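K.L.:
First the structure, which I've put down as structure tokens, then a few questions once you've had a look.
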């Protein structure tokens, strides 16, 4: 196996983790948005009550007001706090209780399913336990793209590739302008040997992308790895440069591989861009190979040193 081939395999293996398992900050923001959505539901119900009050000239307090109010307080005060602390067991239990109070709200089912997913990563909770709450969320809100994405994750861990493909695809159909749904689907197509379909999915993502969308990092990185397998190194350079531009300093988990990707592409393009290749690979060695991630990226660290030496550079 050549260095380029090993590099391509690494891209397929590492990126999905960064794409699928969003950071705690992103998770917190997402759940905050869910709680805000519940608060908006409360406001709408209260407005309806106010209108009925004006029409009938009498004070009206309907059961749904209490239901939504209690549900919102339960979610914000309980599940949101547990999510922030990554206390997934208590998060799941809190959401299960909230479902009995406000059974019509899909957000509680979604958060319960997500919390069970996080428990399944380490066990002993099974992935199958997360499936039902996510299905219930979709039954209550068929337009919840995020629930389809998480259901695809669950299906994948249960060895149901077809179900995973269908759910990732449905998430994209519902929210085609949200790029985080494209890379996992493309990655699964790659794993199943459908490279052309994977590339088509990624090109569609680029067409829907807004300038500066951080999810373009994964999209361009995947396209670059596909170009490498086709020996289209000029194309790979273009894609890896675009990915590097998106992540800028590339300090978030999983983004440091951008230095290695671009360095190898510069080294193998014709004619080689030696100085730029050395600079990128030295940065990768300094940032990754001397830190806690060195063991994880042992193969890439070794390859980086080989490329630097071959290009006439000095190991850092």
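K.L.:
Quick test for you: out of 147, 207, 137, 155, pick the one residue that is out of contact with any strand residue (DSSP E or B) (no Cβ under 7 Å at 6 or more places or on another chain), in a helix (DSSP H, G or I) and loosely packed, with under 15 Cβ neighbours inside 10 Å.
P.N.:
So the residue among 147, 207, 137, 155 that is out of contact with any strand residue (DSSP E or B) (no Cβ under 7 Å at 6 or more places or on another chain), in a helix (DSSP H, G or I) and loosely packed, with under 15 Cβ neighbours inside 10 Å is 207.
K.L.:
Considering each of 228, 241 in turn, give the residue that is assigned to a helix (DSSP H, G or I), surrounded by fewer than 20 Cβ atoms within 10 Å (Cβ to Cβ), in contact with a helix residue (DSSP H, G or I) (Cβ under 8 Å, 6 or more places away or on another chain) and modelled with pLDDT of 95 or more.
P.N.:
Only one candidate passes the filter, namely 241.
K.L.:
For the range 158-193: of the residues being within 14 Å of residue 215 (Cβ to Cβ) and out of contact with any helix residue (DSSP H, G or I) (no Cβ under 6 Å at 6 or more places or on another chain), which is surrounded by the most Cβ atoms within 10 Å (Cβ to Cβ)?
P.N.:
So, considering only residues that are within 14 Å of residue 215 (Cβ to Cβ) and out of contact with any helix residue (DSSP H, G or I) (no Cβ under 6 Å at 6 or more places or on another chain), the one surrounded by the most Cβ atoms within 10 Å (Cβ to Cβ) is 180.
K.L.:
Does residue 254 count as in contact with a helix residue (DSSP H, G or I) (Cβ under 9 Å, 6 or more places away or on another chain) and part of a loop (DSSP other than H, G, I, E, B)?
P.N.:
yes
K.L.:
Here is a follow-up. Among the residues of the range 195-203, is any in contact with a helix residue (DSSP H, G or I) (Cβ under 9 Å, 6 or more places away or on another chain), closer than 24 Å to residue 120 by Cβ and touching a residue at least 24 places away in the same chain (Cβ under 8 Å)?
P.N.:
Among the residues of the range 195-203, not one is in contact with a helix residue (DSSP H, G or I) (Cβ under 9 Å, 6 or more places away or on another chain), closer than 24 Å to residue 120 by Cβ and touching a residue at least 24 places away in the same chain (Cβ under 8 Å), which makes the answer no.
K.L.:
Here's a follow-up. Residue 213 - would you say it is closer than 25 Å to residue 173 by Cα and in a loop (DSSP other than H, G, I, E, B)?
P.N.:
yes
K.L.:
Quick check, is residue 302 in a helix (DSSP H, G or I) and loosely packed, with under 14 Cβ neighbours inside 10 Å?
P.N.:
In short, yes.
K.L.:
Does residue 258 count as under 24 Å from residue 181 (Cα atoms), modelled with pLDDT of 95 or more and within 27 Å of the chain's Cα centre (by Cα)?
P.N.:
Against the criterion (under 24 Å from residue 181 (Cα atoms), modelled with pLDDT of 95 or more and within 27 Å of the chain's Cα centre (by Cα)), residue 258 qualifies.
K.L.:
Based on what the data block shows, is residue 180 under 20 Å from residue 218 (Cβ atoms) and part of a helix (DSSP H, G or I)?
P.N.:
For residue 180, the condition - under 20 Å from residue 218 (Cβ atoms) and part of a helix (DSSP H, G or I) - is met.
K.L.:
Condition first: within 25 Å of the chain's Cα centre (by Cα) and either assigned to a helix (DSSP H, G or I) or under 21 Å from residue 268 (Cα atoms) (or both). Now tell me which residues in the range 280-297 satisfy that.
P.N.:
If the condition is that a residue be within 25 Å of the chain's Cα centre (by Cα) and either assigned to a helix (DSSP H, G or I) or under 21 Å from residue 268 (Cα atoms) (or both), then 284, 287, 297 are the ones that fit.
K.L.:
I would also like to ask the following. Since residue 274 meets every condition but one in (1) within 18 Å of residue 237 (Cβ to Cβ); (2) within 25 Å of the chain's Cα centre (by Cα), which condition does it not meet?
P.N.:
(2)
K.L.:
Inspect all residues belonging to the range 117-125 and state whether any of them is farther than 27 Å from residue 216 by Cα, part of a helix (DSSP H, G or I) and modelled with pLDDT of 95 or more.
P.N.:
Among the residues of the range 117-125, at least one is farther than 27 Å from residue 216 by Cα, part of a helix (DSSP H, G or I) and modelled with pLDDT of 95 or more, which makes the answer yes.
The values are calculated or read from the model by the stated rules, or taken from the named source; none is laboratory data. Nothing here was measured: the structure is a model prediction, and the numbers come from that model. Note that we place each Cβ from the backbone using ideal geometry, even for glycine, and neighbour counts take in every protein chain shown.
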